[in-house]
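Peer 1: Encoded as structure tokens, here's the structure I'll be asking about.
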Amino acid sequence: MGTPVKRIVLSGYYGFHNSGDEAVLQSILLALKEQGERQGVTFVPVVLSINPEETARTYGVEAAHRMRPAEVWRTLRGADGLISGGGSLLQDETGTKTIPYYIAIIRIAQWLRKPVFIYSQGIGPVHRPFFYGWIRSAFNRCAFISVRDDESKALLGRMGVPADRVEVVPDPVMGLSLREQRSPQSDTLNTKAVIGVSVRFWNEDRSELKAVADALKLVLEKSDAHIRFLPFHLPSDEQASLYVMEHMGELYKERMSMAPPIDHPQDMLAEVASCQMLVGMRLHSLIYAAGQFVPMVGLSYDPKIDQFLNRLGIKAACSTQKPDANALAEETLRAWNGVEAWKREKQPAIERLKVEAGRPAERIAFYFANQLKGN
């Protein structure tokens with residue numbers, strides 16, 4: 001008798017050339033494979049993507065178009081379950097359509113009597129209370145719920161989701177490992193003292209990026225560092241990086257570079273691993289750094305940044321609400337001059353998070369293994 005096969009659909013922000021969300025997908029796929037092998041279940045993932053052909057080619061999985069209702073319906077009807085997540089799917093900070101979309105996917109699966117697993121999601125912010133009932137109704141019918149921080153669990157509690165049904169686990173990307181063969185671009189700067197920088201547009205007046213530029217100039221004045229910009233979301237982060245580089249001026253041109261466009265998350269992970277430290281706005285730039293024991297300094301534009309840093313006992317150097325070039329430069333230089341001490345101090349917490357990141361996949365594999373035993 002062969003190993004039982006279970007088709008499982010993955011719903012998230014996939015196919016949009018956002019390295020962080022692509023890393024979430026890759027991490028979940030690897031964790032499902034590992035846990036399935038441990039518990040005697042073979043998973044066949046089917047990813048809902050805005051670019052299913054590219055997703056299928058990149059990850060070697062089946063994929064369906066996330067915005068074609070008939071295709072989504074057929075995909076869910078032929079599946080054994082749905083994973084919703086990870087990432088910040090249920091929030092209305094970026095618009096009112098996000099929550100209805102992801103809840104609709106969950107409810108279709110539930111209507112088709114498929115088990116739904118909430119995989120390490122960051123819940124919120126949810127500014128419109130009428131969404132509370134939607135989320136509560138969908139989540140209370142899920143087979144398993146996991147969120148990536150205590151704040152998300154507390155918000156679900158306020159919505160009416162029982163606390164004993166919600167597990168707090170790390171972001172799945174904490175469990176992402178390097179590929180055996182490092183990407184060529186990650187080796188080009190190995191002989192230099194590199195500070196990786198991940199920025200994005202946020203404030204309309206670009207005050208946050210001007211502060212980053214001023215901070216990095218101070219850092220270069222007081223160190224021998226080379227600045228390596230790492231665009232996580234293409235093409236917008238590339239443009240944000242160029243904005244910072246322009247504001248730093250010609251004087252520092254030879255001490256700056258930008259990573260080329262990178263599609264595969266493990267190639268970006270290799271870029272981060274080749275840095276001595278990282279200054280990041282993007283959440284997953286910070287998570288990549290932590291997973292590779294690279295000291296990081298955060299510039300917070302969203303509570304999810306603070307929530308992740310809190311798990312490592314770190315505070316953001318400043319926020320986009322109050323960009324502070326001096327504070328950012330001071331914290332960066334402190335980390336730069338204390339790399340080894342930082343690694344020793346944070347290693348136990350990071351190791352724990354890396355192990356815990358696989359728990360949702362373990363629970364999902366157990367669900368199906370147990371179901372098979374029951375049959």
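The values are calculated or read from the model by the stated rules, or taken from the named source; none is laboratory data. Note that the coordinates shown come from a computational prediction; the quantities given were computed from them, not determined experimentally. Cβ coordinates were reconstructed from backbone atoms using ideal geometry, including for glycine residues, and neighbour counts include every protein chain displayed. Keep in mind that these areas ignore ligands, DNA and RNA; they rest on the heavy atoms of the full protein, side chains included. Shrake-Rupley method; radii C 1.70, N 1.55, O 1.52, S 1.80 Å.
Peer 1: Among the listed residues Val161, Val147, which satisfies the condition of being β-branched (Val, Ile, Thr), closer than 18 Å to Val24 by Cα and surrounded by 23 or more Cβ atoms within 10 Å (Cβ to Cβ)?
Peer 2: Only one candidate passes the filter, namely Val147.
Peer 1: Has segment 299-318 got any residue that is among the charged types (D, E, K, R), open to solvent by 30 Å² or more (accessible area, probe 1.4 Å), at pLDDT 95 or above and more than 30 Å from Ala143 (Cα to Cα)?
Peer 2: There is at least one residue in segment 299-318 that is among the charged types (D, E, K, R), open to solvent by 30 Å² or more (accessible area, probe 1.4 Å), at pLDDT 95 or above and more than 30 Å from Ala143 (Cα to Cα).
Peer 1: Sticking with this structure for a sec: When you look at Ala289, is it modelled with pLDDT of 95 or more, open to solvent by less than 20 Å² (accessible area, probe 1.4 Å), out of contact with any Phe, Trp or Tyr (no Cβ under 7 Å at 6 or more places or on another chain) and within 20 Å of His233 (Cα to Cα), yes or no?
Peer 2: On the way: modelled with pLDDT of 95 or more: yes; open to solvent by less than 20 Å² (accessible area, probe 1.4 Å): yes; out of contact with any Phe, Trp or Tyr (no Cβ under 7 Å at 6 or more places or on another chain): yes; within 20 Å of His233 (Cα to Cα): yes.
It is true that Ala289 is modelled with pLDDT of 95 or more, open to solvent by less than 20 Å² (accessible area, probe 1.4 Å), out of contact with any Phe, Trp or Tyr (no Cβ under 7 Å at 6 or more places or on another chain) and within 20 Å of His233 (Cα to Cα).
Peer 1: Looking at segment 128-174 only, could you name the residues that are free of Cβ contacts under 8 Å to residues at least 24 places away in the same chain, under 21 Å from the mean Cα position of the chain (by Cα) and not in a helix (DSSP H, G or I)?
Peer 2: Val166, Val168
Peer 1: Filter segment 1-38 down to residues that are small (Gly, Ala, Ser) and over 16 Å from Glu362 (Cα atoms) and give me whichever is most open to solvent (accessible area, probe 1.4 Å). Spell out the reasoning first.
Peer 2: Just the residues of segment 1-38 that are small (Gly, Ala, Ser), to begin with: 2, 11-12, 15, 19-20, 23, 27, 31, 36.
Subsequent filtering for residues that are over 16 Å from Glu362 (Cα atoms) retains 2, 11-12, 15, 19-20, 23.
Values: Gly2: 59, Ser11: 2, Gly12: 2, Gly15: 8, Ser19: 9, Gly20: 2, Ala23: 0 Å².
Per the criteria, the residue is Gly2.
Peer 1: Of the residues in segment 66-96, how many are open to solvent by 30 Å² or more (accessible area, probe 1.4 Å) and at pLDDT 95 or above?
Peer 2: Matching residues across segment 66-96 total 10.
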